[in-house]
Amino acid sequence: MHNTRMAPSLSTVDYILDQLVSLSDVHVRKMFGEYALYCDGRVVGLVCDDTLYIKITEQGKLFVGAHYVEGHAYKGARASMRIDEDLIENREWLAELVRITAENVPPMVPKKKKSERKN
């Protein structure tokens, strides 16, 4: 486990996106020096310290099987599935895990504009 956090390199993020090219709506958004991974408008994971973390769903755990390893993207983060580099290299496997996760995480709730918030 790293004592200091380092932002993921853009090459790592680009590689992960390239591995997911078969999925229609996949992108990342930089957040606090790390990257959130989106699929079909849902946050499915994070890329932190050049490591891919995918949100835990029961269906994803079943798919991952013996490769299931939990980790934390950053201190205080919820547990996620830490995806080994060897598994990221398997393009079809990774795309299927991301697709399954996107189907099984709740959609993001749009934040209310300040004018819509109650005081």
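Before moving on, here are some points about what is shown:
- Of residues in region 76-109 being in a loop (DSSP other than H, G, I, E, B), without any contact (Cβ under 8 Å) to a residue 24 or more places away in the chain and charged (D, E, K, R), the one farthest from residue 36 (Cα to Cα): 84
- For region 80-87, the count of residues that are of a type in the set (Lys, Arg) and within 29 Å of residue 110 (Cβ to Cβ) is zero.
- Number of residues in region 52-104 that are of a type in the set (Val, Ile, Thr) and modelled with pLDDT under 95: the value is 0.
The values are calculated or read from the model by the stated rules, or taken from the named source; none is laboratory data. The structure displayed is predicted, hence computed values, not measured ones. No Cβ is skipped: glycine too gets one built from the backbone with ideal geometry, and neighbour counts run over all protein chains shown.
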